[in-house]
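**Student:** One structure is given below, represented as structure tokens, and several questions about it will come after.
Please treat every number below as a calculation from the coordinates, not as lab data. Owing to the predicted nature of the structure, the values given are computational and were not obtained by experimental measurement. We place every Cβ from the backbone using ideal geometry, glycine too, and count neighbours over all the protein chains shown.
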Amino acid sequence: MSVTRKFKFYYPTFLLFIPLVAKQFSNEVIWSPMDFVTMGTLLLFLGIGIEWVLKKAFPKKKTVIYIAAVAFVFLLLWIEIAVGVFGSPIAGN
């Protein structure tokens, strides 16, 4: 495993810098430390899931479908935590 390939699953967590920087300049971004931990965990699992799919020797068409499925699950969890579409116990609103 090369060094550049080894840590790619961490890359999505760098998206957390967007709300962190926005929080410094605006009062409209209200994130608690737990929000950062929750989103960081979701992004980390997104990166691990995509990396796992890419490491498997699937045909290209299946790889795209599996990555889309991982991204879809990520989006469903994110939406549920944010606004509570399904009314589960993890719903944010």
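**Student:** Please give me, ordered by residue number, the chymotrypsin sites (Phe, Trp or Tyr not before Pro) of the stretch 43-93 that lie in loop per DSSP and have at most 13 other Cβ atoms within 10 Å. Write out the running numbers ahead of the final one.
**Tutor:** Working: sites: 45, 52, 66, 72, 74, 78, 86; in loops: 86.
Here the chymotrypsin sites (Phe, Trp or Tyr not before Pro) that fit, given the DSSP loop and packing criteria, are 86.
**Student:** Quick one: if the Förster radius is 41 Å, what FRET efficiency do residue 25 and residue 65 give, using the C-beta to C-beta distance and rounding to 0.05? Display every interim value, and only then the final one.
**Tutor:** Working: r = 40 Å, r/R0 = 0.97.
After rounding to 0.05, the efficiency reads 0.55.
**Student:** What number of lysine-lysine pairs in the chain show an alpha-carbon separation below 30 angstrom, given a sequence spacing of 8 or more or placement on distinct chains?
**Tutor:** Final tally of qualifying lysine pairs is 11.
**Student:** Now for a separate question. Semi-axes of the equivalent ellipsoid for the chain, please: Cα gyration tensor eigenvalues, times 5, square-rooted, ordered largest first, whole Å.
**Tutor:** Details: eigenvalues 153, 71, 18 Å².
Equivalent ellipsoid of the chain: 28, 19, 9 Å, largest first.
**Student:** A further question follows. Please give, to one decimal in nm, the separation of the simple spin-label points placed at residue 18 and residue 82, each 7 Å out from Cα toward the Cβ.
**Tutor:** The answer from the label model is 0.9 nm.
**Student:** Can you pull out the trypsin sites (Lys or Arg not before Pro) in the stretch 31-60 whose DSSP state is coil and whose Cβ has at most 10 other Cβ atoms within 10 Å?
**Tutor:** Values: sites: 55, 56, 60; in loops: 56.
When the trypsin sites (Lys or Arg not before Pro) of the stretch 31-60 are filtered for loop state and at most 10 Cβ neighbours within 10 Å, 56 remain.
**Student:** Once phi is turned into θ = phi - 60°, what whole-Hz ³J(HN,Hα) does the Karplus curve with 6.51, -1.76 and 1.60 give for every residue of the stretch 58-66, x standing for Gly and Pro?
**Tutor:** Per-residue couplings from phi come out as 7, x, 4, 5, 5, 4, 5, 5, 5 Hz.
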